[in-house]
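Report on the structure given below.
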Amino acid sequence: MFEYDLAHWTTFLLAALLLNIAPGPDMAYILSHTVTGGRKAGFAAMFGIWSGAFLYVILTALGLAAVIAASATAFSIVKWVGVAYLFWLAIGAFRSKGSPLDISKNSNQLNPTAIFKQGMFIHLLNPKVATFFIAFLPQFVVEGAGPVWAQLMLHGTLIIVTAAFVEPPLIYAGDRITGRLRESQKLQRWLDRALGSVFVAFGVKLAMYER
């Protein structure tokens, strides 16, 4: 099972690395929370994104994600629920009054559980993710290398594993650079506004997306 040649692994791993390095909504979400809440918030956002992605990998392997991509009704429902959720998050960020945030003394204020859930739901409520996995993963299915569902699971999981070599260093760098700046209440308020703008941008982009 899983008998691939060197050319297969080279092509796939290079593609997976480029996908994770390229700036996109996931990286923007993770770095936004790192800037506003520090390393702990950044990792919570990262694990939330990974969890949502892994659930879509499972759905793709089981064939259920194809239903969302193929059904106009299902696609629209997921899409507009996602848009509404993003705008709701944006409103909350814009209404924030900001507060001085010392990560070492007030880590309980970060609410990593809420950030984790946000990241997971943002990913799950984006039908583009389903479309991506359905379009990308089958390209690396090799006849005779194993059950199709198992090959899809393997390659989908490895995309997330590749992210583990890209995103954590960015979180550490972002936290180190902005750590002292977060102690300013005024700056914290503007960082919250910036995060809200990120949510609005995600929502508008998702609203304009068509199958």
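State yes or no: is Ser76 assigned to a helix (DSSP H, G or I), farther than 18 Å from Phe140 by Cα, touching a residue at least 60 places away in the same chain (Cβ under 8 Å) and not aromatic (Phe, Trp, Tyr)?
Details: assigned to a helix (DSSP H, G or I): yes; farther than 18 Å from Phe140 by Cα: yes; touching a residue at least 60 places away in the same chain (Cβ under 8 Å): no; not aromatic (Phe, Trp, Tyr): yes.
So Ser76 fails the test.
Say we look at region 22-74 and pick out the residues that are more than 22 Å from Leu206 (Cα to Cα) and among the aliphatic types (A, V, I, L, M); which of these is modelled with the lowest pLDDT?
Val35
Can you find even one residue in region 177-196 that is at pLDDT 80 or above, part of a helix (DSSP H, G or I) and at negative phi?
no
Could you tell me which of the residues Phe12, Phe43 is assigned to a helix (DSSP H, G or I) and more than 20 Å from Ala145 (Cα to Cα)? Before the answer, list the steps.
Details: Phe12 fails: more than 20 Å from Ala145 (Cα to Cα).
None of the others qualify; the one that does is Phe43.
Condition first: assigned to a helix (DSSP H, G or I), modelled with pLDDT of 80 or more, closer than 26 Å to Ala207 by Cα and touching a Ser or Thr at 6+ places or on another chain (Cβ under 6 Å). Can you find one or more residues in region 151-159 that meet it?
Within region 151-159, none of the residues are assigned to a helix (DSSP H, G or I), modelled with pLDDT of 80 or more, closer than 26 Å to Ala207 by Cα and touching a Ser or Thr at 6+ places or on another chain (Cβ under 6 Å).
Which of the residues belonging to region 119-141 are assigned to a helix (DSSP H, G or I), among the polar types (S, T, N, Q) and crowded, with 22+ Cβ neighbours inside 10 Å?
Of region 119-141, the ones assigned to a helix (DSSP H, G or I) are 119-124, 127-140.
Narrowing the set further to residues that are among the polar types (S, T, N, Q) leaves 131, 139.
Answer for region 119-141, where residues must be assigned to a helix (DSSP H, G or I), among the polar types (S, T, N, Q) and crowded, with 22+ Cβ neighbours inside 10 Å: there is none.
Are there any pairs, at least 6 apart or on different chains, whose C-beta atoms fall under 8 Å, with the first in region 133-147 and small (Gly, Ala, Ser) and the second surrounded by fewer than 16 Cβ atoms within 10 Å (Cβ to Cβ) and not in a helix (DSSP H, G or I), and if so, which?
Once the first residue is small (Gly, Ala, Ser) and sits in region 133-147, its partners that are surrounded by fewer than 16 Cβ atoms within 10 Å (Cβ to Cβ) and not in a helix (DSSP H, G or I) give Gly144/Glu3; Ala145/Met1; Ala145/Phe2; Ala145/Glu3; Gly146/Met1; Gly146/Phe2; Gly146/Glu3.
Would region 135-146 turn up any residue that is within 23 Å of Gly82 (Cα to Cα) and among the aliphatic types (A, V, I, L, M)?
Yes: region 135-146 contains one or more residues that are within 23 Å of Gly82 (Cα to Cα) and among the aliphatic types (A, V, I, L, M).
The values are calculated or read from the model by the stated rules, or taken from the named source; none is laboratory data. All of these numbers come straight from a predicted model, not from anything done at the bench. Because the Cβ atoms are built from the backbone with ideal geometry, glycine has one as well, and the counts that use them run over all protein chains shown.
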